[in-house]
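Novice: First the structure, then my questions, so here it is.
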Amino acid sequence: MTSNYCVFGYYGQGNTGDEAILASIIDGLSTADIRLAVYSDQPQLTSRLHSVAAFRPFPKTPWSLLKALIKSNRSETIRSLWQFLRADVVVVGGGGLFFDTPETNKWLKEYYRLIDLAKRLGKKVAVVGVSVGPFHHQESEIGLGAAFSKCDFISVRDEQSRFILVTCGVEEARVEVI
């Protein structure tokens with residue numbers, strides 16, 4: 001039976017390291033009977049570079065989604081959302097995705113919303129090969145602990161990231177260092 005996977009990260013941004021991480025994730029999943037969709041800021045480029053179906057990320061808040069569905073590119077938003085809705089597994093992968101700045105934690109909240117939405121829809125969630133921190137807002141630490149505690153699999157790149165997750169309330173035994 002074919003499983004549907006969606007992969008989210010910092011893809012299509014011209015960052016060689018993130019593209020290498022995506023290539024590694026794709027390679028690691030290539031032995032399974034899966035249908036893969038990757039979310040990228042440049043889906044055509046990602047599709048060409050990695051030979052995968054690629055889509056622009058869809059808005060994660062109801063208001064943003066409604067606005068996107070009203071605009072002229074609504075068919076792109078619908079295709080992107082459909083890929084997510086039919087996914088069995090959501091992979092959030094690679095690099096320094098989980099941090100904030102003194103000015104904002106907006107970027108971080110998008111990943112919390114993604115994990116929360118996936119779990120509310122009954123999907124498995126794997127966070128793979130990420131680094132965690134630094135944080136400047138207590139809200140970021142609380143949100144990180146809550147989001148990662150829902151994940152089915154967590155792997156981080158270093159012991160410092162593991163320490164931060166445990167400090168944020170994630171059970172230490174659930175966090176692998178790769």
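Novice: So which pairs qualify, if the first residue must be in the range 56-74 and closer than 18 Å to ASP41 by Cα and small (Gly, Ala, Ser), the second must be open to solvent by less than 40 Å² (accessible area, probe 1.4 Å) and part of a helix (DSSP H, G or I), the Cβ gap must be under 7 Å, and the two must be at least 6 apart or on different chains?
Specialist: The qualifying pairs are ALA68/THR77.
Novice: Quick one: is VAL89 under 15 Å from PHE8 (Cα atoms) and hydrophobic (A, V, I, L, M, F, W, C)?
Specialist: For VAL89, the condition - under 15 Å from PHE8 (Cα atoms) and hydrophobic (A, V, I, L, M, F, W, C) - is met.
Novice: Here is a follow-up. Take the range 78-111 and flag every residue that is open to solvent by 30 Å² or more (accessible area, probe 1.4 Å) and hydrophobic (A, V, I, L, M, F, W, C).
Specialist: Once the filter is applied, which keeps residues that are open to solvent by 30 Å² or more (accessible area, probe 1.4 Å) and hydrophobic (A, V, I, L, M, F, W, C), the range 78-111 yields ILE78, LEU81, TRP82, LEU85, PHE99, TRP107.
Novice: Please enumerate the residues belonging to the range 112-147 that are crowded, with 16+ Cβ neighbours inside 10 Å, assigned to a helix (DSSP H, G or I) and without any contact (Cβ under 8 Å) to a residue 40 or more places away in the chain.
Specialist: TYR112, ILE115, ASP116, ALA118, LYS119, GLU141, GLY143, GLY145, ALA147
Novice: Sort out which residues of the range 14-33 are surrounded by 14 or more Cβ atoms within 10 Å (Cβ to Cβ), in contact with a Ser or Thr (Cβ under 9 Å, 6 or more places away or on another chain) and of a type outside the set (Asp, Glu), and write them in order of number.
Specialist: LEU22, ILE26
Novice: Also: Confirm whether PHE84 is assigned to a helix (DSSP H, G or I) and within 16 Å of the chain's Cα centre (by Cα).
Specialist: Yes, satisfied.
Novice: Given the options THR77, THR31, name the one that is at negative phi and in a helix (DSSP H, G or I).
Specialist: THR77
Novice: Just to be sure I understand the filter: pairs with C-beta atoms under 8 Å, separated by 6 or more residues or on different chains, first member in the range 1-21 and of a type in the set (D, E, K, R), second member open to solvent by 40 Å² or more (accessible area, probe 1.4 Å) and outside any loop (DSSP other than H, G, I, E, B). Which pairs pass?
Specialist: GLU19/LEU49
Novice: Can you tell me which residue is farthest from ALA126 (Cα to Cα) among those in the range 34-72 that are modelled with pLDDT under 90 and among the charged types (D, E, K, R)?
Specialist: Only one residue tops the list, namely LYS71.
Novice: Report, ordered by the first and then the second residue, all pairs with beta carbons closer than 6 Å, sequence separation of six or more or different chains, a first member in the range 77-91 that is under 15 Å from TYR5 (Cβ atoms), and a second member that is assigned to a helix (DSSP H, G or I) and at pLDDT 95 or above.
Specialist: VAL90/ALA118
Novice: So is SER75 open to solvent by 20 Å² or more (accessible area, probe 1.4 Å), hydroxyl-bearing (Ser, Thr, Tyr) and at pLDDT 95 or above or not?
Specialist: Answer is no for this residue.
The values are calculated or read from the model by the stated rules, or taken from the named source; none is laboratory data. Owing to the predicted nature of the structure, the values given are computational and were not obtained by experimental measurement. Positions of Cβ are backbone-derived with ideal geometry, glycine not excepted, and every protein chain shown enters the neighbour counts. Each accessible area value is taken on the protein alone, full model and side chains, heavy atoms only, with ligands, DNA and RNA left out. Shrake-Rupley method; radii C 1.70, N 1.55, O 1.52, S 1.80 Å.
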